[in-house]
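> The structure under discussion is supplied below as structure tokens; questions concerning it will follow.
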Amino acid sequence: MDKVGTTGTSTVLGHVRTTASHTIGSNHLTELLREVPAEATANQYREAVVEENVLGRPTHTGRLRTFRHLRELYILDPDDARFAALRRLWPMDDRAHPLLAGILAVARDELLRASWPAVARAIPGSVVTSDDLSNVVAETYAGALSPATLGKVGRNVGSCWTQTGHLVGRARKVRTPVVPRPAAVAYAAYLGHLDGGRALHVLDNPWSQILEIPQDERLEALRGAHHGGLLDLQVAGTVVEVGFSMLERDAR
């Protein structure tokens, strides 16, 4: 079981290091979910990438590698509640896709999580360099990663945060605010619920940080998701209850 997290022993936080060699590949995820039917099995996702080559990789080895990276980050198994919820929310709002992918990738990849402080503390409009990102990762993994690996991590996570919308630009990456769409709020909250969070604490976790919702605006963000039919919300005075009947009714 994965250790650490805001609620003690975490059932959601993963320790993959996909971003040591690859980005989060959100474009590949988007294409894969477009090509594979919502009711597909885990094996059908593999067949789509490896056998049918829906992602257009030039070699069989490349297809296997791409599938492995996508599975590490996004699970690609409808029997897993984390992926099942992502799959259910995905068609509801195209504009939420970058953050939906980012939420699960952050929850799964420890290097991407470790790089977040460099993004979080950057002022909108300021430049975030690959050195900024690799240096903050080094603070967590001092001595565990070689300088060459840290350099690659810095470049990869820079691309990742560009894919999520937190940075813009290619060679020169500039910090930009994100808009926490209701589908992304619901997904982050659901993962928080799976991790043992209750009430407003469903948004008190590492992956929800990338939504950049101020603490005093969390209830309003949950209300927005509730009004969209994406989660259940009851507020009575200071008591807040959050439920996820829409996401859980198709759980296997």
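What follows draws every value from the coordinates through simple rules; no lab data is involved. These numbers were taken from a predicted model, which means no experiment stands behind them. Cβ coordinates were reconstructed from backbone atoms using ideal geometry, including for glycine residues, and neighbour counts include every protein chain displayed.
> Counting each DSSP H run of 4 or more residues in the chain as -39500 (n - 2.57), what helix-only mean residue ellipticity at 222 nm follows after dividing by all residues, to the nearest 500 deg cm²/dmol?
Working: 11 runs with 118 residues, N = 252.
One gets -14000 deg cm²/dmol as the mean residue ellipticity at 222 nm.
> Stretched out fully, how many nm does the piece from ALA148 to GLU39 gain, at 0.36 nm a residue minus the Cα gap? Numbers along the way, then the final one.
Working: separation 109, 0.36 × 109 = 39.24 nm, distance 4.17 nm.
This chain segment gains 35.1 nm when fully extended.
> Using Cα springs under 10 Å in a Gaussian network model of the chain, which residue among PRO91, PRO37, PRO180 shows the largest mean-square fluctuation?
PRO37
> Follow-up question, since we're still on this one. Given the options THR164, THR18, THR59, state which has the largest fluctuation in a GNM of the chain using a 10 Å cut-off (strictly under) for Cα springs.
Checking each option, the largest mean-square fluctuation is seen for THR59.
> Which residue fluctuates most in the GNM of the chain (Cα springs below 10 Å): THR176, THR61, THR19?
THR61
> In terms of the Cα gyration tensor, with a ≥ b ≥ c the square roots of its eigenvalues, is region 108-175 rounded because a/c is under 1.5, prolate because a/b exceeds b/c, or oblate?
Details: a/c = 1.80, a/b = 1.70, b/c = 1.06.
Taking the square roots of the gyration eigenvalues as a ≥ b ≥ c, region 108-175 is prolate.
> Assuming a ≥ b ≥ c are the square roots of the Cα gyration tensor eigenvalues, decide whether region 182-248 counts as rounded (a/c under 1.5), prolate (otherwise, with a/b larger than b/c) or oblate.
On the way: a/c = 1.24, a/b = 1.09, b/c = 1.14.
Rounded, because the longest to shortest axis ratio a/c is under 1.5.
> Can I ask one more? What FRET efficiency comes out for the pair HIS227/GLU248, r = Cβ-Cβ distance, R0 = 25 Å, nearest 0.05?
Step by step, r from the Cβ atoms, then E = 0.85.
> Place the peptides 197-208, 101-112 in order of packing, highest mean first, counting for every residue the other Cβ atoms within 10 Å and averaging per peptide. Don't jump to the answer; show the numbers that get you there.
Numbers: 197-208: 21.2, 101-112: 26.4.
For the peptides 197-208, 101-112, the packing ranking is 101-112, 197-208.
> Normalised by the number of residues in the chain, what is the relative contact order in percent for Cα pairs under 8 Å and 6+ residues apart?
Details: 375 pairs, mean separation 52.0, N = 252.
Normalised by residue count, the contact order of the chain is 21 percent.
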